[in-house]
Amino acid sequence: PRRPQPCWAVFLQKILILLHVTMCVVVGKTMMILFPNAMKRYILKQGEKSRMNKNPKFSYENWGPTFFSFKYLLFVLKVKWKRLEDEAFEGHPAPNTPVVTFNGEVRHLFDFIQDNRSLILNFGSYFSSIADFLIIYIEEAHAEDGWAFKNNIVIKNHRSLEDRKIAAQFLQKNNPLCPVVLDTMENLSSSKYAALPERLYLLQGGKVTYKGGVGPWNYHPQEIRTILEKLK
């Protein structure tokens, strides 16, 4: 893993990211005004990489027009700045960050690794005979008081661990068939695994053996399936 960078280097990177993201948002917003149909086709094409286009109750008008807004800019900045704290690298020891159960018990990710079985973070329900799954509920990507989508579940940014627990209960109602734990309010797991807004990892023997792309465009559960099929 890379060595911790001095504060001035991190600050400089954040400034460069700020300038780059701001420029992209200005260009994107201008293009949406001048060429709305072309931008709609482009954004929908991007949506095909995720699950956005597959929900008939969640149309483009609910989420597409929110792109390149001020709240979009703030969210993208937060995501890219948090990636500077990434400490999870394939082939290297995995960060053993703390998480919180629904009972309020503080545990660590390695507590969920059984013997030499693989542990998949953030996604579960398949291949339970050879791997274990753990969903870590992190901060909201589209909170009602942040970069919000229309016709979405109304959840505000978490101000406390209880807020995060209540939000995660929406997920629990869908019976995910694997443990669900909460990231700490310091967002330690999200930061060290660069997980915002969503991401998949596979851990084995305390090391990162698979690091998925950043969602939603590069969130591909099929890649995990392919790896696990080879372990059968």
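The values are calculated or read from the model by the stated rules, or taken from the named source; none is laboratory data. From a predicted model like this one, the values you see are computed outputs, not experimental measurements. Glycine gets a Cβ as well: all are built from the backbone with ideal geometry, and neighbour counts include every protein chain shown.
Below, the figures for the structure above:
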item	result
Hits in region 85-110 (condition: of a type outside the set (Phe, Trp, Tyr) and surrounded by fewer than 15 Cβ atoms within 10 Å (Cβ to Cβ))	Glu90, Gly91, His92, Pro93, Asn96, Thr101, Asn103, Gly104, Glu105, Val106, Arg107, His108
Matching residues in region 34-64 - criterion: being modelled with pLDDT of 90 or more and not aromatic (Phe, Trp, Tyr)	Leu34, Pro36, Asn37, Ala38, Met39, Lys40, Arg41
3 or more residues buried (at least 19 other Cβ atoms within 10 Å of the Cβ): qualifying helices (runs of 4 or more DSSP H) within region 145-232	161-172, 188-192
Candidate set: region 127-143, residues that are more than 17 Å from the chain's Cα centre (by Cα) and assigned to a loop (DSSP other than H, G, I, E, B); chosen: the one surrounded by the most Cβ atoms within 10 Å (Cβ to Cβ)	Phe127
